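Reading through the structure tokens given below for one structure.
The values are calculated or read from the model by the stated rules, or taken from the named source; none is laboratory data. Note that this is a predicted model, so its numbers are computed, not measured. As a convention, Cβ positions derive from the backbone with ideal geometry for all residues, glycine included, and neighbour counts pool all protein chains shown.
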Amino acid sequence: MNIAKSINEKEKTPASFLVYQGILMWYGKILKIDEIAERIDDKDFSKISERIIKLKVVDHVRTHKISFQANQKIQNKLNIETKKLLIDRLKSDEKK
């Protein structure tokens with residue numbers, strides 16, 4: 001994770017940010033909502049990059065137990081519909 005972090009800090013591109021956050025979510029089980037929301041607001045962050053990171057967040061929420069408060073924070077900071085988070089969570093629970 002340190003390598004990905006240093007590359008992200010050095011390159012400062014949407015692609016390096018997506019890779020770094022993906023690694024944090026997948027291997028570290030860490031979701032940095034404030035950092036993601038702040039980066040989405042940057043002018044160099046494209047709509048495609050925004051959509052990809054939101055899909056990664058929804059997938060993370062779907063596969064991990066997230067508290068109600070954290071769920072609310074995700075919805076408010078990233079403007080992800082409650083319905084989207086809940087539907088994906090229900091689909092995940094049905095498969096188990």
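Structural remarks
- Selection count, the range 45-60, where residues are surrounded by fewer than 17 Cβ atoms within 10 Å (Cβ to Cβ) and polar (S, T, N, Q): 1
- Going through (1) buried (at least 16 other Cβ atoms within 10 Å of the Cβ); (2) modelled with pLDDT under 90 one by one, residue 74 falls short only on (2).
- Considering the range 1-69, the qualifying helices (runs of 4 or more DSSP H), each wholly inside and each with 1 or more residues that are free of Cβ contacts under 8 Å to residues at least 40 places away in the same chain and either under 15 Å from residue 80 (Cβ atoms) or touching a strand residue (DSSP E or B) at 6+ places or on another chain (Cβ under 9 Å) (or both), run over 14-27, 33-40, 47-63.
- Residue check for residue 63: at pLDDT 95 or above, surrounded by fewer than 16 Cβ atoms within 10 Å (Cβ to Cβ) and among the hydroxyl-bearing types (Ser, Thr, Tyr): no
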